1. Considering only the stretch B:245-295, state which residues are more than 14 Å from chain A (Cβ to nearest Cβ), among the hydrophobic types (A, V, I, L, M, F, W, C) and touching a residue at least 60 places away in the same chain (Cβ under 8 Å).
2. Kindly indicate the residue of the stretch A:139-158 that is touching a residue at least 12 places away in the same chain (Cβ under 8 Å) and small (Gly, Ala, Ser) and also farthest from A:Ile286 (Cα to Cα) among those meeting that condition.
3. When you go through (1) acidic (Asp, Glu); (2) more than 17 Å from A:Thr298 (Cα to Cα); (3) within 11 Å of chain B (Cβ to nearest Cβ) one by one for A:Glu182, which number turns out not to apply?
4. Determine which member of the set A:Ile163, A:Ile143, A:Ile222, A:Ile202 is over 20 Å from the mean Cα position of the chain (by Cα), more than 9 Å from chain B (Cβ to nearest Cβ) and under 24 Å from B:Ala234 (Cα atoms).
5. Can you tell which of A:Ala335, A:Ala344 is away from every other protein chain (no Cβ under 14 Å) and either over 20 Å from A:Pro37 (Cβ atoms) or surrounded by fewer than 19 Cβ atoms within 10 Å (Cβ to Cβ) (or both)?
6. Tally the residues that are surrounded by 19 or more Cβ atoms within 10 Å (Cβ to Cβ) and either assigned to a helix (DSSP H, G or I) or more than 21 Å from the chain's Cα centre (by Cα) (or both), restricting the search to the stretch A:93-109.
7. Looking at (1) surrounded by 22 or more Cβ atoms within 10 Å (Cβ to Cβ); (2) under 14 Å from B:Ile207 (Cβ atoms); (3) more than 11 Å from chain A (Cβ to nearest Cβ), find the lone condition where B:Asn134 falls short.
Amino acid sequence: MGRYVIRRLLQFIPTVLGTMFLLHYITSLAIQFSGNPVRAMFGDRTPSPAQLQALTERLGYGDPCLSRKGDPCLWRVAADGNGWLGTSLEPGLFFDRLGNIFFRFDFGINLRQREVTDLVADAIPFTLKLLVIAIIFEAVVGIAAGVLAGLRGGSFLDYMVKISTVFIISVPIFVLGVVVREFVGVKFGNVLRGQDWVPDLISAGIFTPGFKADYPFASLIIPGMVLGAVSLATTARLTRTSIMENIRADYVRTAKAKGLTNKRVIGVHTLRNSLIPVITFLGVDIGAAMAGAVVTETIFNVPGIGRLVTFSARSGESSVVVGVVTMLVLVVLIANLLVDLLYAVLDPRIRYE
Amino acid sequence: MRGKFLKVAVAATATAMLATACGGSSDNDNDDAGSTGGTLRVYNAEPAFLTPSGGDDEPSLYVIRSLFRGLVKYNAQTSAVEMDLAESVESDDQKLWTIKIKSGYTFDNGEPVNADAFIRSWNFAAYSPNTQNNGYFMKRIAGIKDVQSTDPDGDGPQKAPEPKAKELSGLKKVDDLTFTVELEAPFSGFPTTIGYPGFFPMAEACIADIAACNEKPIGNGPYKMDGSWQHNVAINVVRSDTWKGEPGKPDRIEYKIFADVDAGYAAFQAGELDVMYTVPPARYKEAKATYGDRMYEQPGDSFTYVGMPLYQDNFKDKRIRQALSLSIDRQSIIDAVFDGRFTPATGFVAPTFEGARTDVCKYCTKDVEKAKQLLAEAGGWPAGEKLVLWANAGAGHEGWLQAVGDQIKDALGIDYELKVNLQFAEYLETADQKKFTGGFRLGWGPDYPFMETFLYPLYGTGSGSNNSTYSNPAFDAAMKEGDSADSIQAAIPSYQKAEDLIGEDLPVIPMWFNKVGAIYSENVDQFVWNAVSDADYAATSLK
């Protein structure tokens, strides 16, 4: 088990470095091909060269490789002509970035001169809450619906689950988000807010069109449910198929024949084995939920990581994009590792050496 | 195994319930504050900076204007300059200005607002290593070149050298409440410029730790910070007891921060906001129908034009530019593409400005016959060449630019081609390097309420934002005459003379000025919009 974990952790290194290089190259290409984002900050007002230059240097866009189209910014010509390993080259922008991030924990600053680490620290609690709500919602409701449908295949309930999940899967999340915001948050919420007997926590907290600082948890429930909705449908379908398959398995028949109670047969023998693919899906889904958060957070005005990435990408803030996405990659890698370890807990046949 | 699994599930549920309970209990405390009626909740985007020297974007300015006050303010209706913290702003030659400050004003931390407070703030903004956005506005003060420096070889990565001086030589303290400002050249509009937040004072403690001051600014205005800036969430300000001037009307202003204007509009519909200073373009018609008299509409001052690259041979003859302008029906484009959200431009100065006239441009209403005639006189458009129209990508300019192209094609038979693939940064660099091959879309917003701001920066010889490279000695002379006129009013005729020259030469084809559309809720008793500084929250009263 220990050796397996160490091997997996070592595999993280090339994955993270590879992602970082891709991110670095893509954001550098964006600057090389679409111009210095610092110039865009001034808009129609042409800045004095002194001002533009001082700000470009300060914000870390001053490296000359950023004006050479296609340059991966890996090496630069050493100032004194004596570079690395006897050449005239020395490590360039990419290695500066790696060094800053891994040795000095310095992720750089955004265009407004705020530290990326501060930005992330501000944003992460909101995204975490949102993800927890989404995952709980999709796991609890999804598995429950899947189990009910799976046990009574062909029943009315089964068809209802099948039809409603197809419906949810076929609606893109940005459509679902806007529709929920307009009809649940604004229209239905306004009706509730007009009634005196509805407590404020519900009318102004839960049924609100977006995140509210006054209701830091309640106002995230609906955005979280929207974020979890698409995966909920997949979870329900996966559970349903898995249960249907396992219910006919030999060991379930044996358990029944032994005279175990129905509760124990379903709850322990069937369910636990049926959950393996579902857990895999939920683990991988943390990554997908992060991607979904980019959309949901923008629609529901949640000041989290997703919204941060969206707006940083729009304004070409490469340090923020590289920093935050690297962190997200780590989150996804760790989540996947945990899921793999969880298999062993669920299925005694799986051993890691 | 079963036990473990269930325990985890139970623990997770319990945590979730606990978290919900926590959220619930803290919510109730906040509700009472909301119902007192003294809290104005306003829409805002995330500001860039909250210090006067740094903030130059709309969301920053809205917050800075409640926390800080400057030497002068603007009349809400007429946009005329009125004294605020200044006792007087005077000059004999429009070059050396003497500013006297009223006594008794202090910052929130007790520091006095005196001559030093202003000199300190302006010097800080101007010094280029401080990289303050509003350093731009100090450009007229004598000694500006010595406090800014450029990298000698211009290609990095080594740092630009230290500027020659740390302070502007044009700023001199006379006594505690008096200082003089020497400009590089006479400028009669100087008093109008110093109402811009870039010229507001800053406390010594603020400059000593600018990062902390940006999170919790030390202001000198009618409101002070309540807590720190909650990034991307909210900024709350409350009435300041150190403010000696006319108090603000609401007890408290809550700036709710939205990243997306549509999310803000949904919050407004749900009754969570009292004022939105802007309306999402796609919802404009709907908002007007829904909120009716609670929608405030007024001509704005942001100018959109199609610039003419005078450095290209095809555009050198002014009759060609006139013909192009004459073939565009601006109102029809505004109605078709923008739901009537703009006012067609017939001049080069925003209609809200003192001295603006409506008939400066004689070539700004559609007249196909005249256009054809002018084009023929100029020798026609080179056969086989397309008229290229440029705009930056992803900002929704394609639609109207295509309409412009179609109208020109219909009127003059000139085929056109859109070039709308450059991102804003690269587009602006193309403008700076004068590489446009045809008409280019750009805009302009005024820096201060004085006609000059719409003229010299765009059309003055060698001026920073003169992207068409227009150069006309007569225009420059008329501008100079206005700059050294005895007063703001006396300067207007000279500037109008300069504007007439532009109206004839058309270095840019004026398109339209925006319309301001703000909405406010039923809680608002009186909504005040300042012609210069936009929504005035301190003057807006609640029911």
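The values are calculated or read from the model by the stated rules, or taken from the named source; none is laboratory data. For clarity, every value in this text was computed on a predicted model and none was experimentally measured. Cβ sites come from the backbone with ideal geometry, for glycine too, and all protein chains shown count toward neighbours.
1. B:Ile253, B:Val275, B:Val279, B:Met295
2. Selected residue: A:Gly153.
3. Single failed check for A:Glu182: (2).
4. A:Ile202
5. Going through A:Ala335, A:Ala344 in turn, just one is away from every other protein chain (no Cβ under 14 Å) and either over 20 Å from A:Pro37 (Cβ atoms) or surrounded by fewer than 19 Cβ atoms within 10 Å (Cβ to Cβ) (or both): A:Ala335.
6. Of the residues in that region, 6 qualify.
7. Result: B:Asn134 passes all but (3).
The rows are residues; the columns are (1) assigned to a loop (DSSP other than H, G, I, E, B); (2) out of contact with any strand residue (DSSP E or B) (no Cβ under 9 Å at 6 or more places or on another chain); (3) farther than 29 Å from B:Leu455 by Cβ.
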position	(1), (2), (3)
B:Asp359	yes, yes, no
B:Ala371	no, yes, no
B:Trp390	no, no, no
B:Ala403	no, yes, no
